[in-house]
Amino acid sequence: MSLEQISKLFYEKNEFGLRDLDNTQIEIIQKLVFPEEDIKEFKTLIGKLEWTKMHQFVNACFFLHESENICSKYCESIKYVLLFTAIESIMGDKDYMDFKDWLISNNCKGKLERDSKIANSNALNFKKLIEELFKIYIDSYGVTEHVRRFFLNYISLEDKKTIIYSIQKVKSNTPEISNIITPVPLMSDDEVNSKLKSKISLLYDLFRNKIVHQGARWILEENKQKGGICAGNSLLIILDETNSVKIDDKLNINKFRDIVTKGLKEYYKRDIKK
């Protein structure tokens, strides 16, 4: 392929406002993730998106699809990483900056609150100041906060409850741990959203951060050794010798992916198809 032909892939747009390369990808994700949508309307709507948002959405769809189709005989870890990466893709901030840059930027989210904190600070409360500034920064740019926002904004109340009720703390030395059932309490919508935040933080830490940053590997049930960590169908996570978190079968990887898929479709309906 010549340089001129390559350039045309990026710079010449078709009737939908898509370049040839983008057009091909949109056709693929429509078939894989949004088969219920009319292809022409789908292309037109995606073609109207700002470039960065379009590719964040496209990437999210591919990561979501691969989280199901990638082959894994001994280790399921990559599936969880891809699933959370899909969420990060659509919820990511195109204007992201790290904490160091945020502290000195004149054009950033949270600037007024940041500057007010700094103006009223002194050497005696420096530690507290940094903690407060970091909280302001995390609220605006934190990846975990973006992931929580996805579940808070695009997941149905029923699926939120499924996540909450499927995760509980138990003692790892308790006999027949898989048969433990926690009574389901009645909760208001606000209570559901409040509890959901901590549950998503736990899932994100286990199935994304610990894998990416610590090299944790969740192995399949049939290969689980005594004292090991399992993320097979039961998703029983042993944290240490005395405590564990039980994630029951209502939230195995396939069902959790279904929840994320419905959330992605809701995002498309509200933020793209609107």
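Say we look at the range 101-127 and pick out the residues that are modelled with pLDDT of 75 or more and among the hydrophobic types (A, V, I, L, M, F, W, C); which of these is farthest from residue 138 (Cα to Cα)? Only one residue tops the list, namely 119.
Of 141, 154, 165, all but one fail to be at pLDDT below 80 and aromatic (Phe, Trp, Tyr); the exception is 141. Taken over the range 35-54, the criterion of being under 18 Å from residue 86 (Cα atoms) and touching a Leu at 6+ places or on another chain (Cβ under 9 Å) is satisfied by 46, 54. How many residues are within 25 Å of residue 146 (Cβ to Cβ) and among the acidic types (Asp, Glu) if we restrict to the range 11-36? Final tally of qualifying residues: 1.
The values are calculated or read from the model by the stated rules, or taken from the named source; none is laboratory data. If you're wondering where the values come from, they're calculated on a predicted model, not measured in any experiment. So basically every Cβ, Gly included, is an ideal-geometry build from the backbone, and we count neighbours across all protein chains shown.
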